[in-house]
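Peer 1: Take a look at the following structure, please.
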Amino acid sequence: VAVPDVDGNGAPELALLQTTSEERTPEDPYYAPRAEVRDARTGKPIRRANFPTFLVNEFRWDNEILDFVSVPDANGNGSNELAAVGRGGYIAPPDYIGHFEVRDSATAARVAEVPAILPDDGAFPIGQAIGMRDSDGSGRALLAILQDLSLATRYRAVSFDLAGSSLVRSTTFDKVGEARKLLAVPDLDGNGKPEFGLLSEGARPGSLLL
């Protein structure tokens, strides 16, 4: 993912998330996700940010990183954040918890770590996330995650405030085929706020639900 300039040379940076075995120990033998930030102009390494192993390996063989996105600055230091959304951590099969972990792109410090579901409603994250500024005038940084409501025929986009690690709002979509991409769409109804769009493949391939 691309992030704004961190090292002050005027060029943006590129962040790549990968798994590494370098941090493994007998007590924690799993492969850890790690983001490496490099200068887009020179290729010079700038920062590494280690994410917790539970995002990918806790309890289940199919836990994985679902998405990796850049999020607007949430802690006030002027640099964007990096968010990894994982399926790791679950209550009991097949009820996934899912988490997102957010790290600062300049310092690698933890900004937020929050379960990515609402309790007791059978939802689980399915891989699409967006970082954005709230349109309510506060300017706070939000991370929106797409969920599958397994107990209903709907998808749901939920937005979390990173500074407070709290739920802000949710938006539901009828299931029309398989969800492919969650989008932020410029204001269409004149209320001054952007819309959520869901690109789905199904009965009407390529349909966009707003």
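The values are calculated or read from the model by the stated rules, or taken from the named source; none is laboratory data. This structure is a prediction, so every number in the text was calculated from the model and none was measured. Every residue, glycine as well, gets a Cβ built from its backbone with ideal geometry; the counts of neighbours run over all protein chains shown. Ligands, DNA and RNA are stripped out before the accessible areas are found, and what is left, the full protein with its side chains, is counted by its heavy atoms. Shrake-Rupley method; radii C 1.70, N 1.55, O 1.52, S 1.80 Å.
Peer 1: Find all pairs meeting these conditions: Cβ atoms under 9 angstrom apart; at least six residues apart or on different chains; first residue within the stretch 1-21 and in a strand (DSSP E or B) and surrounded by fewer than 17 Cβ atoms within 10 Å (Cβ to Cβ); second residue at pLDDT 90 or above and among the hydroxyl-bearing types (S, T, Y).
Peer 2: These pairs meet every condition: A2/S70.
Peer 1: Before we move on, is I97 of a type in the set (A, V, I, L, M, F, W, C), modelled with pLDDT under 75 and either under 13 Å from the mean Cα position of the chain (by Cα) or within 17 Å of A35 (Cα to Cα) (or both)? Write out each step before concluding.
Peer 2: Working: of a type in the set (A, V, I, L, M, F, W, C): yes; modelled with pLDDT under 75: yes; either under 13 Å from the mean Cα position of the chain (by Cα) or within 17 Å of A35 (Cα to Cα) (or both): no.
Here the answer is no, as I97 does not meet what is asked.
Peer 1: Here's a follow-up. If you scan the stretch 158-186, which residues turn out to be open to solvent by 60 Å² or more (accessible area, probe 1.4 Å) and either at pLDDT below 75 or of a type outside the set (A, V, I, L, M, F, W, C) (or both)?
Peer 2: Hits for the stretch 158-186 are R169, S170, T172, D174, K175, E178, R180, K181, P186.
Peer 1: Is it true that F160 is part of a strand (DSSP E or B) and closer than 30 Å to G76 by Cα?
Peer 2: Details: part of a strand (DSSP E or B): yes; closer than 30 Å to G76 by Cα: yes.
When the stated conditions are applied, F160 passes them.
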